[in-house]
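Input: a single structure, listed below in structure tokens.
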Amino acid sequence: MNAGAASVRAVEPASAVSSIAQRTPLDPESREWLAALRGEGVMRDEAIGRLHALLLRASRFEVARRRPTLPHLRGGDLDDIATEAADDALVSVLRRLEDFRGASRFTTWAYKFALYEAAVKLRKRAWQGREVPLEPESWSVFSSAAAGPDAEAEQSELVAAVRTAIDDALTPHQRRVLVALAVNGAPIDVLAERLGTSRGALYKTLHDARRKLREDLSRRGLDVTEEP
């Protein structure tokens with residue numbers, strides 16, 4: 001664990017643990033984790049060390065699970081990714097202790113932070129050096145080889161309408177985001193990094209773009225109701 005991660009301070013005093021425990025029936029192990037991580041001195045340092053070890057096991061598990069999809073990465077690269085993911089997950093967990101509500105065990109809750117960080121870092125590494133396509137590489141992703149003549153004609157008409165709606169109804173930024181994420185399959189965290197924005201902002205842009213597309217296609221008499 002690097003020194004920077006270990007120096008993160010708790011965001012609430014130890015007295016806050018009792019109030020959280022009163023609001024939510026936490027299991028004994030989770031209460032112990034919270035008390036230790038919100039404490040001071042050796043007890044807190046030891047808890048941080050144990051937490052980092054847990055997060056490192058989680059990130060290594062996720063890296064190993066995804067390794068077949070990244071054959072170009074060497075073992076040392078994967079170890080570095082797992083360690084970086086555990087470090088970042090530790091910082092996130094310590095900053096968000098007040099968000100823990102006891103819906104699961106504390107260790108299960110914290111474990112997910114490491115899985116997420118490892119997945120994000122692996123996706124970014126997979127796209128390292130690759131251009132994120134902001135224009136459609138091919139509209140053939142919408143085609144179906146099994147479609148009959150009538151269905152294929154209907155499908156071609158729909159694809160043409162979608163392409164026109166994307167060009168006419170969306171702003172340039174909405175068009176770039178929709179095409180990159182929904183058409184070309186770029187990971188949202190990679191796109192956020194390339195565009196200098198956040199995942200939340202991109203989700204909002206994508207939501208607005210889809211809404212505009214539905215409205216535009218509906219005006220053209222096409223039923224594009226999404227499944228719940």
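Cross-link partners for K124 among the lysines, with Cα-Cα distance under 28 Å and sequence neighbours closer than 8 places in the same chain left out: K112, K204. Counting neighbouring Cβ atoms within 10 Å and putting the fewest first, the residues H207, H173 line up as H207, H173. Residues D77, D189, D167, ranked from the fewest to the most other C-beta atoms within 10 Å, line up as D167, D77, D189. In plain terms, the residue of R31, R163 with the fewest other Cβ atoms within 10 Å comes first and the most crowded comes last, giving R163, R31.
Readers should treat all values here as calculations from the given coordinates under stated rules, not as data from a laboratory. Predicted, not measured: the structure shown is a model, and the values here were computed from it. Cβ coordinates were reconstructed from backbone atoms using ideal geometry, including for glycine residues, and neighbour counts include every protein chain displayed.
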